[in-house]
Amino acid sequence: MRIAVMGAGAVGGYFGGRLAVAGHEVTFIGRGEHLRAMQQNGLCLETPQGSLRVGNARFVDAAREVGECDVVLFAVKAYDIEAAAASLKSLVDGGAAIVSVLNGVDHQDRIAAVVGAGSVLGGLAMVSGVITAPGVIRYTSPMSSLRFGEGDGRMSARALAFRDACIGAGFGATVEPDIRAAQWGKFVGLATNAALTCLFRLPCGYIYHDPEIIPLALRAFGEVAAVARAEGIAMPGDAAERTLAMHQAFPKTMFASMYHDLAKGRPLELDSLSGALLRRARALGVPVPVHEMAYLALKPYMHGAPAPLA
C-alpha cells in the first residue's frame, strides 16, 4: 500500500514507521531539524520493546513530492489542520483517502471542509511518545493501536484494506461503525489528562493516585461524558470511573502530549481540547467548571510561552 504520513511526530512517526518496516511504500511529510535528521539517518523509534530504525521510507517537506498514494495518515497538530489539509488537495484529487487521527472530536470535519467529506475518515490513535532529538522519538507505553471509520459507518473497502495493512505491520487496528462515539470515549480521558498534567506539571503517577486529586479528576472526566451525552453520544453511566481506572494503569511517568509542548514553550492544542469542550458545553447549557478553569488557566500559553510584561 502507498501511504503518506502528514506529520512525523509521535503518532505519525510510530504508525508510519511500523508500516514502512512491514514493506509498505511510506512517505513522511515533515519539516525543520526533525525532517533533516530523518533524511540523513532515517527515523529512530525507541519503544519499550526495543529500538527500531526506519530507513526504507521517503522523507519530504511537501505533499507535492509524494506522488500517487492510497492513504494519507493525518497526524499534525490541531492548530495546523486547515493549512495541512489544503496542501493535500492534489493527493485527494488523485484518489487518496485521508485517515485523521488527531486529538479531539472535530478534526475530520475541519479537514472535510477543505478537501470534501467523501475523502476523510475519522479516527483516533492510542500511543504515547515524544520527540527527544531530531529524528528520534521515544515511547513510554507499549500501547499502540488505531481506530478509524467512515462517517456513515460503512465497512468500506478502503477502510478494511488500511486496517489489514496496519494489523500486518504489527499493531492493533479496528474499523469502527460509529467513529464519533469512539472518539468521544477517548476524549473523556484525553481532554482531562491534557488539562491536568499541564496544570500540575506532573505525570499520571501523581495525579491519579493522590486521594485528594482523584475527586477532581473524576469531576473532569464526568464533565466530558456529560457533554457527550448532551451531544447525543451513548456514554456508559460509569464512564468517569472506568476512565480513572485506565489512567491509574498508565505508566506513572506518562504525561499527555500537550504537556511536552507546554514545557518547551510551544503552541498548545488547548483550543481543540478543553476549549472545544467549553464551547460545546456553553451551547448545550452543560456546566464544566473544571475544564473551564483549566482552559482559562492555560489560555495564556496557548500560542507558546507568554511574553514578559513590560
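The values are calculated or read from the model by the stated rules, or taken from the named source; none is laboratory data. Note that the structure is a prediction, hence the values are computed from the model and not measured. FYI the Cβ positions are ideal-geometry reconstructions off the backbone, even for glycines, and counts take in every protein chain you see.
Within the stretch 19-71, work out how many residues are on the phi > 0 side of the Ramachandran plot and acidic (Asp, Glu).
0
For the stretch 84-134, how many residues meet the condition of being touching a Phe, Trp or Tyr at 6+ places or on another chain (Cβ under 9 Å) and among the small types (Gly, Ala, Ser)?
So the answer is 10.
Just checking, how many residues over the stretch 71-119 are small (Gly, Ala, Ser) and closer than 24 Å to Asp164 by Cα?
So the first thing to find is which residues in the stretch 71-119 are small (Gly, Ala, Ser), and the list is 75, 78, 83-87, 90, 94-97, 100, 104, 112-113, 116-119.
This time we only want the ones that are closer than 24 Å to Asp164 by Cα, so: 75, 94-97, 100, 117-119.
Residues that pass the stated criteria total 9.
Looking only at the stretch 44-53, decide whether some residue is in a helix (DSSP H, G or I) and in contact with a Phe, Trp or Tyr (Cβ under 7 Å, 6 or more places away or on another chain).
no
Would you point out the residue of the stretch 181-207, among those that are buried (at least 22 other Cβ atoms within 10 Å of the Cβ) and of a type in the set (Ser, Thr, Tyr), that is nearest to the chain's Cα centre (by Cα)?
Among those residues, the one meeting the criterion is Thr192.
Go through the stretch 198-233 and give me each residue that's among the aromatic types (Phe, Trp, Tyr) and not in a loop (DSSP other than H, G, I, E, B).
Phe200, Tyr206, Phe221
Testing Gly170 on (1) out of contact with any Lys or Arg (no Cβ under 7 Å at 6 or more places or on another chain); (2) exposed (fewer than 15 other Cβ atoms within 10 Å of the Cβ); (3) in contact (Cβ under 8 Å) with a residue 12 or more places away in the chain, one condition comes back false. Which one is that?
Every condition holds for Gly170 apart from (1).
State whether one or more residues within the stretch 120-127 are buried (at least 23 other Cβ atoms within 10 Å of the Cβ) and more than 27 Å from Glu65 (Cβ to Cβ).
yes
Within the stretch 22-41, take every residue that is of a type in the set (D, E, K, R) and either under 21 Å from Leu91 (Cα atoms) or within 22 Å of the chain's Cα centre (by Cα) (or both) and give me the one that is surrounded by the most Cβ atoms within 10 Å (Cβ to Cβ). Give the steps one after another, and end with the answer.
Of the residues in the stretch 22-41, the ones of a type in the set (D, E, K, R) are 25, 31, 33, 36.
Now restrict to residues that are either under 21 Å from Leu91 (Cα atoms) or within 22 Å of the chain's Cα centre (by Cα) (or both): 25, 31, 33.
On the way: Glu25: 17, Arg31: 12, Glu33: 12.
Out of the qualifying residues, it is Glu25.
Against the definition (touching a strand residue (DSSP E or B) at 6+ places or on another chain (Cβ under 9 Å), outside the structural domain of Glu269 (by TED's automatic domain parsing), among the aliphatic types (A, V, I, L, M) and closer than 22 Å to Thr140 by Cβ), how does Leu52 come out, yes or no?
In short, yes.
Give the residue that is surrounded by the fewest Cβ atoms within 10 Å (Cβ to Cβ), with candidates limited to residues of the stretch 134-158 that are touching a residue at least 60 places away in the same chain (Cβ under 8 Å) and among the hydrophobic types (A, V, I, L, M, F, W, C).
So, considering only residues that are touching a residue at least 60 places away in the same chain (Cβ under 8 Å) and among the hydrophobic types (A, V, I, L, M, F, W, C), the one surrounded by the fewest Cβ atoms within 10 Å (Cβ to Cβ) is Val136.
Determine, yes or no, whether Ile131 is buried (at least 23 other Cβ atoms within 10 Å of the Cβ) and closer than 22 Å to His260 by Cα.
no
Can you work out which of the residues in the stretch 58-67 that are not aromatic (Phe, Trp, Tyr) and not in a loop (DSSP other than H, G, I, E, B) is surrounded by the most Cβ atoms within 10 Å (Cβ to Cβ)?
Restricting to residues being not aromatic (Phe, Trp, Tyr) and not in a loop (DSSP other than H, G, I, E, B), the top hit is Ala63.
Evaluate the stretch 213-223: report whether one residue or more is among the acidic types (Asp, Glu) and either buried (at least 23 other Cβ atoms within 10 Å of the Cβ) or closer than 30 Å to Gln39 by Cβ (or both).
Yes, the stretch 213-223 contains a residue that is among the acidic types (Asp, Glu) and either buried (at least 23 other Cβ atoms within 10 Å of the Cβ) or closer than 30 Å to Gln39 by Cβ (or both).
Suppose we filter the stretch 242-270 for residues that are in contact with a helix residue (DSSP H, G or I) (Cβ under 7 Å, 6 or more places away or on another chain), among the charged types (D, E, K, R) and surrounded by fewer than 21 Cβ atoms within 10 Å (Cβ to Cβ); how many remain?
1
If I filter the stretch 275-285 for residues that are in contact (Cβ under 8 Å) with a residue 24 or more places away in the chain, surrounded by 15 or more Cβ atoms within 10 Å (Cβ to Cβ) and assigned to a loop (DSSP other than H, G, I, E, B), do I get at least one hit?
no
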